[in-house]
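*Asks:* Quick one: the structure is below, and I'll ask about it shortly.
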Amino acid sequence: MKKELIKAEINVNDNKIGILRIGDTDYISLTDLAKYSNPENPANVIIHWMSNKGTFDYIGLWEQLNNENFNFTEFREIILPIQNIF
């Protein structure tokens, strides 16, 4: 059964933030949030977020719980060198 896909936007202090609903799950646009946080350089917000060890832990856990095709072995090969940096 194909899940219904719905796109919407919310307005936060005159900034549009994209929302995507797939089935019963809502997803919020991190890019739009970054633009809200730093309109001049939203990429910098994402770079800082991605350089946080907790972000990688969160992504790995989310993938394990929600992605039936998640390749934990490959993820560990990516994250182990990163963990050594912190």
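Just so you know, all these numbers are worked out from the coordinates, no wet-lab data involved. Keep in mind that this is a model prediction, so the values were computed, not measured. Backbone-built Cβ (ideal geometry, glycine too); neighbour counts: all protein chains shown.
*Asks:* Classify the chain as rounded, prolate or oblate, taking a ≥ b ≥ c as the square roots of the eigenvalues of its Cα gyration tensor: rounded when a/c is under 1.5, otherwise prolate if a/b is larger than b/c and oblate if not.
*Replies:* oblate
*Asks:* So how do L65, L30 line up by other beta-carbon neighbours within 10 Å, fewest first?
*Replies:* Ascending number of Cβ neighbours within 10 Å: L65, L30.
*Asks:* Between rounded, prolate and oblate, where does region 1-42 land on the alpha carbon gyration tensor, with a ≥ b ≥ c its root eigenvalues, rounded for a/c under 1.5, else prolate if a/b exceeds b/c?
*Replies:* prolate
*Asks:* Quick one: length gained pulling L65 to S29 fully straight, 0.36 nm per residue minus the C-alpha distance?
*Replies:* 10.9 nm
*Asks:* Excluding residues fewer than 8 places away in the same chain, name every one of the aspartates and glutamates whose C-alpha is closer than 17 Å to that of K3.
*Replies:* D24, D26, E68
*Asks:* Below 17 Å, Cα to Cα, which lysines can K35 reach? Residues fewer than 8 away in the same chain don't count.
*Replies:* K16
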